[in-house]
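K.L.:
First, the structure itself, so that you have it in front of you.
What follows draws every value from the coordinates through simple rules; no lab data is involved. Being a predicted model, the structure only gives us computed values, none of them experimental. Counting neighbours? That spans all protein chains shown, and the Cβs are built from the backbone with ideal geometry, glycine included.
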Amino acid sequence: MKAQKGFTLIELMIVVAIIGILAAIALPAYQDYTGRAQASEALTSTAGIRSDIAVWLSENGSLPAAATQPDVDAQLLDGKYFAAGGVTVTDGVISVVFDDGVHSGDTMTLTPQTGSGAGQISGWECDGLETKYLPSACRP
């Protein structure tokens with residue numbers, strides 16, 4: 001009697017099918033993760049601007065009007081997924097226009113939430129992207 005050596009064709013086909021099923025499940029999850037990571041760049045890159053807006057609010061009691069924006073040059077911000085000039089600040093609202101990656105052509109807006117505390121920002125509301133792509137700090 002000879003001992004079996006190697007795998008049969010059926011066994012190899014089952015392994016290939018299992019790998020195909022796992023790849024079909026993992027690929028969409030990876031794409032969502034990639035989109036969320038790219039959106040997070042807008043949030044982290046604008047941290048300094050968000051701090052400046054919070055300081056302005058605490059010192060002046062209101063969000064900066066278009067004519068009195070804080071001394072921030074948002075136009076100089078440059079990222080991997082948005083170009084210099086892609087960030088604007090209007091009335092305390094930060095807009096980031098993506099020009100590369102999953103969100104190419106989309107605009108993410110960061111709106112300060114002042115809540116009930118006068119002179120303080122309680123959080124930032126993010127809009128313009130699908131909810132599944134919003135960074136965890138922006139999720140409702």
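K.L.:
For the range 1-33, which residues satisfy the criterion of being assigned to a helix (DSSP H, G or I) and either touching a helix residue (DSSP H, G or I) at 6+ places or on another chain (Cβ under 9 Å) or under 30 Å from residue 96 (Cα atoms) (or both)?
P.N.:
Hits for the range 1-33 are 26, 27, 28, 29, 30, 31, 32, 33.
K.L.:
Name the single residue, out of those in the range 95-140 being aromatic (Phe, Trp, Tyr) and within 17 Å of residue 49 (Cβ to Cβ), that is nearest to the chain's Cα centre (by Cα).
P.N.:
Checking each candidate, the answer is 98.
K.L.:
Specify the residue that is nearest to residue 139 (Cα to Cα); the eligible residues are those in the range 34-62 that are among the aliphatic types (A, V, I, L, M) and either out of contact with any helix residue (DSSP H, G or I) (no Cβ under 6 Å at 6 or more places or on another chain) or surrounded by fewer than 19 Cβ atoms within 10 Å (Cβ to Cβ) (or both).
P.N.:
So the residue we want is 43.
K.L.:
Scan the range 112-140 for residues that are β-branched (Val, Ile, Thr) and either part of a loop (DSSP other than H, G, I, E, B) or crowded, with 16+ Cβ neighbours inside 10 Å (or both) and jot them down. Break it down stepwise before answering.
P.N.:
Within the range 112-140, the first condition is being β-branched (Val, Ile, Thr), and the residues that meet it are 114, 121, 131.
Within the range 112-140, 114, 121 meet the criteria.
K.L.:
Can you name every residue in the range 94-111 that is assigned to a strand (DSSP E or B) and either surrounded by fewer than 16 Cβ atoms within 10 Å (Cβ to Cβ) or touching an Asp or Glu at 6+ places or on another chain (Cβ under 7 Å) (or both)?
P.N.:
109, 111, listed by residue number.
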